[in-house]
1. Of the numbered conditions (1) surrounded by 17 or more Cβ atoms within 10 Å (Cβ to Cβ); (2) under 15 Å from LEU150 (Cα atoms), ALA66 satisfies every one except a single condition; which is it?
2. Does region 108-116 include one or more residues that are among the polar types (S, T, N, Q) and either touching a residue at least 40 places away in the same chain (Cβ under 8 Å) or farther than 22 Å from ILE270 by Cα (or both)?
3. Is it fair to say ASP92 is at positive phi, of a type outside the set (S, T, N, Q) and within 20 Å of the chain's Cα centre (by Cα)?
4. Quick one: is PHE238 in the same structural domain as ALA98 (by TED's automatic domain parsing), modelled with pLDDT of 85 or more and either in contact with a Pro (Cβ under 8 Å, 6 or more places away or on another chain) or within 27 Å of ILE102 (Cα to Cα) (or both)?
5. Please determine, by comparing only the residues of region 87-131 that are of a type in the set (Phe, Trp, Tyr) and at pLDDT 95 or above, which one is surrounded by the fewest Cβ atoms within 10 Å (Cβ to Cβ).
6. Sort through ILE270, ILE248 and tell me the only one that's surrounded by fewer than 20 Cβ atoms within 10 Å (Cβ to Cβ) and at pLDDT 95 or above.
7. Counting only residues that are farther than 25 Å from PHE210 by Cα, give me the helices (runs of 4 or more DSSP H) lying completely in region 1-120 with at least 3 of them.
8. Check every one of the helices (runs of 4 or more DSSP H) wholly within region 127-237 and list those with 1 or more residues that are farther than 27 Å from HIS115 by Cβ.
Amino acid sequence: MENEITLNAARRGDINAFQSLFAEFQQQLKSYLYRLLTDRDDVDDITHDTFIKAFDKLGTFNGDSALKTWVFKIATNLAYDHLRKKKRWQVDAQDRAADLAIGSEEIRQVFWMVHDTSPAGAYEMKEHIDYCFTCISKTLPIENQVALILKNVYDFQVKEICLILEKTEGVVKHLLNDARTTMTNIFEHRCALINQEGVCHQCSHINEIFNPKQHQQEALMKLELVKASKKYNREQLFTLRTLLVKSIDPLHASGTDFHEEIMRCLRTAIGELPDFFDRDKKS
């Protein structure tokens, strides 16, 4: 009842009333946008544009969905417009970032500085798994990525995703199934952390560098993914990955700043950013 009163006030042009409604899901929206955009400045810009557009178009909101779903649709469309100008990432994007970092003493020094001085510069293996999930999801077509993240990370129902993407239930279910299958296949052939066939062991390798006193096996065994890897099939392991990802806010985690630098390195390595060291240049 209180929200309805606030919504009616917002419809009459009370921007403070709309701000109070928007604030209820703003952090989740920004987290969602970061997983799509992987750039804090872009997240801030599109969050701002979403707020302005939603407030301006509030008269068209007819209550067929929750206000949150309607706002996420606006944000998704704005993010899509931004992302379709860019190439989707290749599966080897993280490998290229590692090569760039290994070959640049300056970049490695930035990593150390952030790790040593930033209050959000810690390294935790579970947060790197979240980072990796975001990177791999960006190899999917945009609509597949959006559907997967909305469903598996932010708990939107299929009918809500249908409204956000303007697709039928059958199409959304196909997008979800295709995205999950693709991601599962990629992880099975890349992630050495929980699969002997994998070729990537970034999580443990970076942990060895930045947490040298931490016992590796002890750190690994704290992760349900590792403890379950010998008894679960790959679909169940993917579900465990999503549960881990759901528990982390990539914008407010203990290693947010550290992973921001790793992400900038990756985006530089694949040509999405012109220069790792020029923070004023935008892609």
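1. (1)
2. no
3. no
4. Criteria not met by PHE238.
5. Top of the filtered list is TRP112.
6. On the way: ILE248 fails: surrounded by fewer than 20 Cβ atoms within 10 Å (Cβ to Cβ).
It is ILE270.
7. In region 1-120, the matching helices (runs of 4 or more DSSP H) lie at 2-11, 15-22, 26-37, 40-56, 67-83.
8. Because the criterion is at least 1 residues that are farther than 27 Å from HIS115 by Cβ, the helices (runs of 4 or more DSSP H) in region 127-237 that meet it are 142-152, 158-165, 169-190, 224-228.
The values are calculated or read from the model by the stated rules, or taken from the named source; none is laboratory data. Model, not experiment: these values are computed from the prediction. Here the Cβ is made from the backbone with ideal geometry for all residues, glycine too, and neighbour counts use every protein chain on show.
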